[in-house]
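One structure below.
The values are calculated or read from the model by the stated rules, or taken from the named source; none is laboratory data. All values reported here derive from a predicted model rather than from experimental measurement. In this analysis, Cβ positions are derived from the backbone assuming ideal geometry, glycine residues included, and neighbour counts consider all displayed protein chains. Quick note on the areas: whole protein, heavy atoms, side chains included, nothing else; ligands and nucleic acids left out. Shrake-Rupley method; radii C 1.70, N 1.55, O 1.52, S 1.80 Å.
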Amino acid sequence: MVTHTFFSCIFSLLALSAKSQNCTSDDPRYENQISVNPDLSFYWTIDDVAKTLDGRLHYSAGEAWLAVGWSADPEGSMIGSEVVLGLPNSNEVSKRVLESYTVQGVKEANQQTLTGTSIVASNGETDMTFVKSLDEPGEIVIDATGINTLVFAVGSSGTLGFHSLFFIENVNLASCESSTVHTDSMNPDAVRIHAILMICAWAYLLPSGIAVAIFKEQIGPRWFYIHQSLQFVAVLMMIIAISIIVNELNRVGLDHMNMNPTTFGIHTILGVEALTAAGVQVVCGVCRPHKSELGKSPTPARKLFDLVHPSMGHLSVILAFFAVLSGIEHAYDFSYIGQKEKYIVALLVPLSLFFLSNVVW
């Protein structure tokens with residue numbers, strides 16, 4: 001998952017609420033302070049002579065990596081943002097550029113010009129300091145007297161990965177007035193549940209239902225009820241899985257039909273195609289023509305059904321395989337899941353047996 005993909009899947013406006021804060025800092029080393037949330041505070045002093053920002057980011061609720069940076073988009077688009085990232089485990093504070101919504105997309109900036117850097121994680125707290133020039137060639141300019149779109153993130157450990165907290169604020173560095181652009185990220189548990197339900201539906205239940213239809217002569221007259229029940233439960237699982245992820249995407253202000261390949265685009269496209277094929281299957285099953293009486297030739301409608309129904313069933317499973325596989329890769333990139341191998345094995349093993357049985361039969 002991650003993400004995102006570090007700073008997974010964040011580019012839409014969720015809320016906009018103005019806040020006026022007292023600029024008085026509780027740290028005498030800094031002139032200004034805002035509380036991003038009860039556990040995260042940002043301190044700064046503008047040096048008008050040196051044209052620098054002396055900054056401090058303090059997290060009082062854990063020991064984790066920290067990031068604060070600037071976005072060129074007032075609505076908080078992450079792509080292209082420039083951040084100061086502190087990694088306690090490697091004792092490193094550096095400038096990074098966010099090129100995509102993945103951990104791999106967090107690239108070191110060409111100019112490493114920060115001074116006065118430190119990152120300390122101890123006694124359940126983390127503190128990062130740095131001094132950054134306001135205006136550097138090729139970088140986003142920090143407006144010392146106006147509004148800046150600031151990005152804040154807190155990790156779940158001291159090593160770069162999924163962020164447990166994420167905020168985008170429009171902040172006036174002179175007056176401390178701020179407005180929240182975005183305050184949340186996707187819940188990894190929702191992504192995992194979505195993945196597990198889809199794997200169960202597409203890799204176990206749906207292929208089992210198809211297999212029952214293929215081996216109906218061996219199973220006997222009850223085959224149809226078993227086939228129908230398995231398909232019904234599979235579709236129900238898909239609906240639940242889709243509802244969970246759409247609700248989560250809506251909660252954080254993201255478009256669940258986003259086709260952008262840098263986020264969930266490929267997964268979304270393949271998923272829609274697989275679900276469309278499954279939908280055709282449901283319609284075919286409900287509207288199936290009756291079988292011809294014993295000894296009579298099938299009607300043209302029945303012949304068409306016998307061709308389309310099994311073909312669409314196999315096509316939907318093939319599309320779903322690539323949809324789920326791409327979803328696993330996205331979830332791993334965004335750091336929503338830690339080990340993608342177990343998900344891939346859970347997907348591959350039953351589907352391999354299913355297609356092998358089709359070939360042998």
I'd like the distance separating the alpha-carbon centroids of the stretch 290-316 and the stretch 48-99, in whole Å.
62
How would Val246, Val106, Val49, Val233 rank on accessible area, largest to smallest, probe 1.4 Å?
Val49, Val233, Val246, Val106
Checking the table Lys95/Lys340; Lys51/Lys107; Lys95/Lys342; Lys216/Lys340 against a 31 Å threshold on Cα-Cα, which pairs fail?
Lys95/Lys342; Lys216/Lys340
Give the long-range amide H neighbours of Leu134: residues separated by 5 or more places, or on another chain, with amide H under 5 Å away, using H modelled in the peptide plane at 1.01 Å from N.
Thr52, Leu53
MRE, 222 nm, helices only [DSSP H, n ≥ 4, -39500 (n - 2.57), over the chain, to nearest 500]
-12500 deg cm²/dmol
At 1.4 Å probe size, put Lys216, Lys340, Lys291 in order of accessible surface, largest to smallest.
Lys291, Lys216, Lys340
What accessible surface, in Å², does a 1.4 Å probe find on Glu63, ignoring ligands, DNA and RNA and rounding to the nearest 10?
90
Site Ser122, offset 7 angstrom along Cα→Cβ, radius 17 Å on amide nitrogen, limited to the stretch 88-116, gives 88-92
Per residue accessible area of the chain, 1.4 Å probe, in Å²:
47
On a full-extension model of 0.36 nm per residue, what is the gain between Leu236 and Asp143, subtracting their alpha-carbon distance, rounded to one decimal in nm?
28.3 nm
Could you pull the accessible area for Val282 with a 1.4 Å probe, rounded to 10 Å²?
70
Provide the FRET efficiency to the nearest 0.05 for the Cys287-Asp27 pair, computing r from the beta carbons and using R0 = 56 Å.
0.20
What ranking of Ile147, Ile226, Ile239, Ile119 comes out by heavy-atom accessible area, probe 1.4 Å, highest first?
Ile147, Ile239, Ile226, Ile119
